[in-house]
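Shown next, in structure tokens, is the structure this report addresses.
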Amino acid sequence: METKQLVTNYHNAWTSGDLEKAYSYLADNLDFQGSIDTFNNADDFITALAMFQKMLRGTDLIQSFFSESGAALLYDCDTITPAGLIRTAEFFTVADGRIKTIRLIFDVTELRKLMG
């Protein structure tokens with residue numbers, strides 16, 4: 001599967017709540033680094049994503065870029081929290097038909113207030 005299709009399928013799966021399908025696009029040893037958490041495997045990452053999914057009303061994809069081995073997505077997450085709309089940039093590295101790395105960047109100021 002081409003990078004564009006793989007990343008698009010992953011994004012559509014997790015944003016629609018189908019985390020089992022989203023998981024199927026990830027390498028077992030996924031390297032995730034985000035603004036709040038880091039994970040070294042797909043299992044721990046999907047567990048955290050499931051918690052975030054519960055706070056999500058929806059997403060709006062603004063821009064996407066794709067290359068043979070990577071992708072970048074810019075989108076807004078509309079949350080049910082006082083943080084409201086969270087502008088998010090997500091960068092992917094793809095190899096062997098799976099997403100190997102994710103770098104997720106967003107302003108955590110309002111979320112940190114909620115977390116105490």
Quiz prompt | Residues that are on the phi < 0 side of the Ramachandran plot, small (G, A, S) and modelled with pLDDT of 95 or more, drawn from the stretch 79-106 | solution = A89, A95
Self-check item: N29 being surrounded by fewer than 17 Cβ atoms within 10 Å (Cβ to Cβ), outside any helix (DSSP H, G or I) and not aliphatic (A, V, I, L, M)
Solution: yes
Self-check item: A95, sole failed condition from (1) under 15 Å from T15 (Cβ atoms); (2) in contact with a Ser or Thr (Cβ under 8 Å, 6 or more places away or on another chain); (3) surrounded by fewer than 18 Cβ atoms within 10 Å (Cβ to Cβ)
Solution: (1)
Quiz item: Which of the strands (runs of 3 or more DSSP E) contained wholly in the stretch 54-116 include at least 3 residues that are more than 14 Å from the chain's Cα centre (by Cα) and free of Cβ contacts under 8 Å to residues at least 60 places away in the same chain?
Solution: 56-66
Quiz item: Going by the conditions given, is E20 touching a residue at least 12 places away in the same chain (Cβ under 8 Å), exposed (fewer than 14 other Cβ atoms within 10 Å of the Cβ), under 19 Å from M1 (Cβ atoms) and not hydrophobic (A, V, I, L, M, F, W, C)?
Solution: no
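The values are calculated or read from the model by the stated rules, or taken from the named source; none is laboratory data. All values reported here derive from a predicted model rather than from experimental measurement. Virtual Cβ from ideal backbone geometry, glycine too; neighbours counted across all protein chains shown.
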